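J.: Here it is, the structure in full.
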Amino acid sequence: MRKLAIGAALSGALALTGLTAPLASAATTSPDLVFSDVTVNKGKAIVVGTTAAVKVPVTYTLTRPSDLVIDYKTTFVGVLLYRGKLSDMTNSIDPDAAPTCTTTATTDTTVTEACTETITVDPWDSLHASADATTWKAGGFYSHVDEDSDDSDGHVSYGYGYDIWGNLGTLQIKRAARLTADASPEPVVKGKTLTVKGALTRARWATGRYEGYADQSVTLQFRPVGSTTYTTVKTVMSGSGGALSTTVKATKSGYFRYQFAGTATTGAKTSTGDYVKVDAG
């Protein structure tokens with residue numbers, strides 16, 4: 001099924017129905033829908049790099065009138081992500097396809113359903129600038145398309161209606177980070193000085209590249225051979241281009257790594273441990 005590209009643009013309804021003519025807005029009564037218990041990505045931040053799209057699970061409860069037909073051919077319902085004002089979205093991301101809904105309760109006039117859907121956050125398609133690394137909101141939508149394409153009477157018509165309920169929850173979209181660690185010399189004599197270098201970079205969606213992340217606190221950690229636990233040795237600040245460098249005394253063979261806790265705009269990251277053999281000398 002094609003992506004439900006029906007966020008705020010009329011072209012979305014065209015894409016869903018295969019229409020090629022401009023749509024006229026249809027004045028209709030808004031349906032009585034209630035979206036609740038909206039959870040995006042299991043409550044965790046969405047961390048996105050420069051190339052790989054991230055599949056984001058969304059769950060929610062929908063209560064609708066029992067006589068409202070949602071067929072995902074001419075009528076649509078779902079949850080989207082947006083930032084900015086509800087009436088003037090700075091950016092929005094629609095679900096990939098129709099949700100999967102299971103009826104959990106009914107009354108004489110309503111149906112309540114537990115729904116799941118997937119939203120794909122693609123750095124090339126969905127994220128346009130570093131400003132997208134911020135707090136987003138979830139919104140529930142209902143859309144319908146009315147089409148009379150029978151031109152035998154010399155007349156066709158296309159009508160489009162769209163309702164959205166905003167502020168259904170918040171979520172964070174963050175830039176992915178990369179982190180490296182390289183200790184030298186290898187091997188080293190016990191008691192001598194080791195230099196541990198590395199680099200902290202993060203995704204820049206506008207260019208599709210990773211750029212240095214300077215002035216950030218990063219911890220250097222060490223795990224001796226035979227242990228499964230890393231302990232913090234010291235804290236290092238990233239410099240120009242995200243460069244990291246510090247020195248330590250060699251005491252025993254083991255692994256050095258850097259760990260970045262993340263920020264409001266950038267995801268956490270831990271480097272691969274770099275093994276150093278320490279000789280008795």
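J.: Considering only the stretch 212-238, state which residues are more than 14 Å from R202 (Cα to Cα), within 31 Å of the chain's Cα centre (by Cα) and outside any strand (DSSP E or B).
T.: T229, Y230
J.: Which is of a type outside the set (A, V, I, L, M, F, W, C), outside the structural domain of R204 (by TED's automatic domain parsing) and either in contact (Cβ under 8 Å) with a residue 60 or more places away in the chain or within 27 Å of K174 (Cα to Cα) (or both), of D108, D94?
T.: Among D108, D94, only D94 is of a type outside the set (A, V, I, L, M, F, W, C), outside the structural domain of R204 (by TED's automatic domain parsing) and either in contact (Cβ under 8 Å) with a residue 60 or more places away in the chain or within 27 Å of K174 (Cα to Cα) (or both).
J.: Still on this structure: Suppose we filter the stretch 233-281 for residues that are over 11 Å from L220 (Cα atoms), surrounded by fewer than 16 Cβ atoms within 10 Å (Cβ to Cβ) and in contact with a Ser or Thr (Cβ under 9 Å, 6 or more places away or on another chain); how many remain?
T.: Residues meeting the conditions: 9.
J.: Okay, next question. Do you know which residues across the stretch 59-99 are loosely packed, with under 12 Cβ neighbours inside 10 Å and assigned to a strand (DSSP E or B)?
T.: Result: K85, D88.
J.: Return the residue satisfying two criteria in turn: it lies in the stretch 200-232 and is farther than 30 Å from A133 by Cβ and without any contact (Cβ under 8 Å) to a residue 40 or more places away in the chain, and of such residues it is surrounded by the fewest Cβ atoms within 10 Å (Cβ to Cβ).
T.: It comes out as T228.
The values are calculated or read from the model by the stated rules, or taken from the named source; none is laboratory data. What you are looking at is a predicted structure, and each value in this text was computed from that prediction instead of being measured. Reconstructed Cβ throughout: ideal geometry from the backbone, glycine too, with neighbour counts over all protein chains shown.
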